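The values are calculated or read from the model by the stated rules, or taken from the named source; none is laboratory data. The structure displayed is predicted, hence computed values, not measured ones. Don't worry about glycine lacking a Cβ; one is built from the backbone with ideal geometry, like all the others, and counts go over all protein chains shown.
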Amino acid sequence: MFTGIVQSIGRIASVESLGESRRLTVDAQSLDLADVAVGDSIAVNGCCLTAVAVHGTILAFDVSAETLAHTAGLQQGAAVNLEKSLRLSDRLGGHLVQGHVDGVGSVVSFDAVAGDDGRSWRLEIDAPAELARFIAGKGSIAVNGVSLTVNGVQGARFHVNLIPHTLAVTTLHTLAPGARVNLEVDMMARYAARLLERDAE
């Protein structure tokens with residue numbers, strides 16, 4: 001479990017083929033790994049991965065073909081958002097994030113909000129159609145592992161506003177139209193929808 005509050009930006013140093021799976025080696029850079037051990041969970045661009053090796057600032061992860069098929073941004077050289085798993089004593093600064101990517105969205109636009117002197121940027125994303133019902137205005141969503149508030153929704157398209165701090169401490173400032181992003185919808189929305197489906201059966 002995670003919060004969607006990014007703790008460091010890392011970089012994928014290498015990608016090694018293991019049949020249909022891959023081993024990712026990530027330079028965690030400034031992320032404190034003193035309390036990280038083999039078997040621990042780390043969110044990498046919003047995808048929960050299990051550390052299979054820890055050496056200095058380097059983390060290694062084995063990633064299945066299933067995960068690779070349903071995520072984006074895990075290629076060699078990519079900058080990635082990193083977050084260690086949540087402890088029960090931690091503050092919940094974002095929202096509860098499982099690290100289970102629900103789908104890959106596409107950036108439609110990313111522009112400074114007019115008249116706001118660069119203090120706010122609007123990011124507009126097209127989500128997969130099957131996720132649209134889980135995305136609500138003023139609800140929560142994770143984009144590449146970053147906890148954000150949905151400001152508006154129209155069909156499968158939604159937008160969020162980003163402040164300079166978020167842009168400075170995450171990889172979201174690198175996004176441009178056409179970029180693919182990992183999306184995780186609010187888990188409460190998923191469970192509520194499932195309950196409604198069951199009641200309708």
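Annotation: of all residues in segment 1-26 being in contact with a Leu (Cβ under 7 Å, 6 or more places away or on another chain) and of a type in the set (Ser, Thr, Tyr), the one that is farthest from Thr170 (Cα to Cα) is Thr3. If you check Leu74 against the conditions, is it assigned to a loop (DSSP other than H, G, I, E, B) and at pLDDT below 95? Against the criterion (assigned to a loop (DSSP other than H, G, I, E, B) and at pLDDT below 95), Leu74 does not qualify.
Among the residues of segment 27-36, are any surrounded by 13 or more Cβ atoms within 10 Å (Cβ to Cβ), over 21 Å from Ala168 (Cα atoms) and outside the structural domain of Arg180 (by TED's automatic domain parsing)? Yes, some residue in segment 27-36 is surrounded by 13 or more Cβ atoms within 10 Å (Cβ to Cβ), over 21 Å from Ala168 (Cα atoms) and outside the structural domain of Arg180 (by TED's automatic domain parsing). Just one of the listed residues (Val143, Val108, Val104) is over 15 Å from His70 (Cβ atoms) and under 17 Å from the mean Cα position of the chain (by Cα), and it is Val143. There is at least one residue in segment 28-43 that is in contact with a Phe, Trp or Tyr (Cβ under 9 Å, 6 or more places away or on another chain) and touching a residue at least 60 places away in the same chain (Cβ under 8 Å). Of all the residues in segment 83-115, those that are outside any loop (DSSP other than H, G, I, E, B) and either over 25 Å from Ala156 (Cβ atoms) or among the hydroxyl-bearing types (Ser, Thr, Tyr) (or both) number 4.
Each residue in segment 150-172 was checked for being exposed (fewer than 15 other Cβ atoms within 10 Å of the Cβ) and under 18 Å from Glu83 (Cβ atoms), and 2 of them qualify.
Would you say Val80 is in contact with a Ser or Thr (Cβ under 8 Å, 6 or more places away or on another chain), part of a strand (DSSP E or B) and crowded, with 21+ Cβ neighbours inside 10 Å? So Val80 passes the test. The requirement of being modelled with pLDDT of 95 or more, in a helix (DSSP H, G or I) and not assigned by TED's automatic domain parsing to the domain that holds Val44 is fulfilled somewhere in segment 173-191, by at least one residue.
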